[in-house]
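*Asks:* One structure, pasted below without further comment.
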Amino acid sequence: MPVVSRKSGKSKAAEQSGLAPLNRYAAFLRGINVGGRKIIKMEELSRIFTSAGFSGVKTLIQSGNVIFNVSADDIEALKSRVEDVLLKELGYRVEVFLLPLGEIIEMLKSKPFGHLQKDKKIKFYVSLLSGQPAKKLKLPLFSEKKDLEVLEIVRNKVYILSHEINGSFGFPNNFIEEITGFSATTRNWNTIEKLVKE
């Protein structure tokens, strides 16, 4: 894997070569490999991204997380490009949430769960929103079953606790979409931590 500046998320080799610098992004795909729908193997996903001209492609677990390099800076144009490629290759539209690797590193540095002790009865999640809520919600905010607890909303990122109730954990995505009014994709915090090591 190319060495990446942890500050900028850009490939150091590209920065030093005089060529257009490569930005490293993470793409989070919404709603794939869930409930037997939109099934795609990560090997195939990697092939699709590589054949589309992206370099340094890595995938992580089955929920649809792809890290790649590209010289593009316009994140909205890049999002549309990735979604169009997936539509052409898969035959159905997949909503994609993009974050520069540098932004993910800063998110980790902010330690949104740092004040909490690890507990087997609690899971940490982050939901990425398709937009930024204009209305501030009173936090912490609990789901009706009290199994989900929204701790913090920072721009288009929502940090959530999932509490074990009756032996099971709630998954936050539907709840987050309901309270914010935006589409979302949700990842376990462990997945986010693993991404920067790829």
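*Asks:* Show me the strands (runs of 3 or more DSSP E) entirely contained within region 80-198 in which 2 or more residues are of a type in the set (Ser, Thr, Tyr).
*Replies:* Those strands (runs of 3 or more DSSP E) span 122-129, 157-163, 184-188.
*Asks:* Please enumerate the residues belonging to region 115-173 that are in contact with an Asp or Glu (Cβ under 6 Å, 6 or more places away or on another chain) and exposed (fewer than 15 other Cβ atoms within 10 Å of the Cβ).
*Replies:* Restricting attention to region 115-173, the residues satisfying the condition of being in contact with an Asp or Glu (Cβ under 6 Å, 6 or more places away or on another chain) are 121, 140, 142, 159, 161, 163, 165, 170.
Scanning region 115-173 gives 121, 140, 142, 165.
*Asks:* Return the pairs, sorted by first residue and then second, in which the second residue is in a loop (DSSP other than H, G, I, E, B) and among the aromatic types (Phe, Trp, Tyr), the first residue lies in region 20-48 and is over 14 Å from residue 78 (Cβ atoms) and in the same structural domain as residue 82 (by TED's automatic domain parsing), the beta carbons are less than 7 Å apart, and the residues are 6+ apart or on different chains.
*Replies:* Listed pairs, sorted by first residue: 38/92.
*Asks:* Look through 100, 140 and report the one residue that is more than 15 Å from residue 30 (Cα to Cα) and more than 20 Å from the chain's Cα centre (by Cα).
*Replies:* From the options 100, 140, the qualifying one is 140.
*Asks:* Now a separate question. Look at region 26-64 and say how many of its residues are aliphatic (A, V, I, L, M) and either surrounded by fewer than 16 Cβ atoms within 10 Å (Cβ to Cβ) or assigned to a strand (DSSP E or B) (or both).
*Replies:* Qualifying residue count, region 26-64: 8.
The values are calculated or read from the model by the stated rules, or taken from the named source; none is laboratory data. What you see is a predicted model; the values in this text were computed from it and never measured. Cβ sites come from the backbone with ideal geometry, for glycine too, and all protein chains shown count toward neighbours.
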